[in-house]
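Enquirer: Can you read through this structure? Questions will come right after.
The values are calculated or read from the model by the stated rules, or taken from the named source; none is laboratory data. Being a predicted model, the structure only gives us computed values, none of them experimental. Glycine gets a Cβ as well: all are built from the backbone with ideal geometry, and neighbour counts include every protein chain shown.
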Amino acid sequence: MKKNKIEPLKTVLTITIGFLVVYLATKWRWSLNVALIIGLCGVFSSYLARKIDFVWMKLTWVLSLIVPNILLSLIFYVFLTPIALLSRVFQKHDQLFLKNTVKSTFKNHNKQFEKQSFENPW
């Protein structure tokens, strides 16, 4: 099993570009300052680059525990539940046969079985 190689310079570059994109999209001056500080710290100090990488990886790990649960809950309650309720209200025919409309689910099949039917069932 290969161990993932830690590349703090790539992480610092990614964070810096992310803050630059935020600056270009919103013109918030603080994001440009943060991008400059993180970029310079990562380039001039390998120790700080490793620390920035460590903090970034821990942040992504924490977010990976939280965000999927929030997204799945939102999708379920905002999209799937209303669709299910609307389909139950406006549905005329029970396509999945979920409503029990007959007394028995047993069906008669008047078929003559032969010896070859039982020889190789799979």
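Enquirer: Among the residues of the range 78-116, count how many are of a type in the set (A, V, I, L, M, F, W, C) and under 26 Å from the mean Cα position of the chain (by Cα).
Expert: Of the range 78-116, the ones of a type in the set (A, V, I, L, M, F, W, C) are 78-80, 83-86, 89-90, 96-98, 102, 106, 113.
Add one more test, that the residue is under 26 Å from the mean Cα position of the chain (by Cα), and what stays is 78-80, 83-86.
Adding up the residues that qualify gives 7.
Enquirer: If the requirement is being within 17 Å of the chain's Cα centre (by Cα), within 29 Å of residue 23 (Cα to Cα) and modelled with pLDDT of 90 or more, which of these qualifies: 75, 38, 66?
Expert: Values: 75 fails: within 29 Å of residue 23 (Cα to Cα); 38 fails: within 17 Å of the chain's Cα centre (by Cα).
Residue meeting the stated conditions: 66.
Enquirer: If you check 117, 104, which single one turns out to be among the polar types (S, T, N, Q) and surrounded by 10 or more Cβ atoms within 10 Å (Cβ to Cβ)? Before the answer, list the steps.
Expert: Details: 104 fails: surrounded by 10 or more Cβ atoms within 10 Å (Cβ to Cβ).
117 is the lone residue from the list that is among the polar types (S, T, N, Q) and surrounded by 10 or more Cβ atoms within 10 Å (Cβ to Cβ).
Enquirer: Further, regarding this structure: Across the range 6-65, which residue is surrounded by the most Cβ atoms within 10 Å (Cβ to Cβ) among those that are aromatic (Phe, Trp, Tyr) and assigned to a helix (DSSP H, G or I)? Full working, then the answer.
Expert: Of all residues in the range 6-65, those aromatic (Phe, Trp, Tyr) come to 19, 23, 28, 30, 44, 47, 54, 56, 61.
Going one step further and asking which of them are assigned to a helix (DSSP H, G or I), we end up with 19, 23, 30, 44, 47, 54, 56, 61.
Working: 19: 21, 23: 18, 30: 11, 44: 9, 47: 9, 54: 13, 56: 16, 61: 9.
Only one residue tops the list, namely 19.
Enquirer: Could you give every pair whose Cβ atoms fall below 7 Å, whose first residue belongs to the range 46-73 and is on the phi < 0 side of the Ramachandran plot, and whose second residue is in a helix (DSSP H, G or I) and polar (S, T, N, Q), counting only separations of at least 6 or pairs across chains?
Expert: As it stands, the answer is 52/11; 53/11; 56/11, since those pairs meet every condition given.
Enquirer: Within the range 25-57, track down each residue that is within 16 Å of residue 13 (Cβ to Cβ) and of a type in the set (Val, Ile, Thr).
Expert: 34, 37, 38, 43, 52, 55
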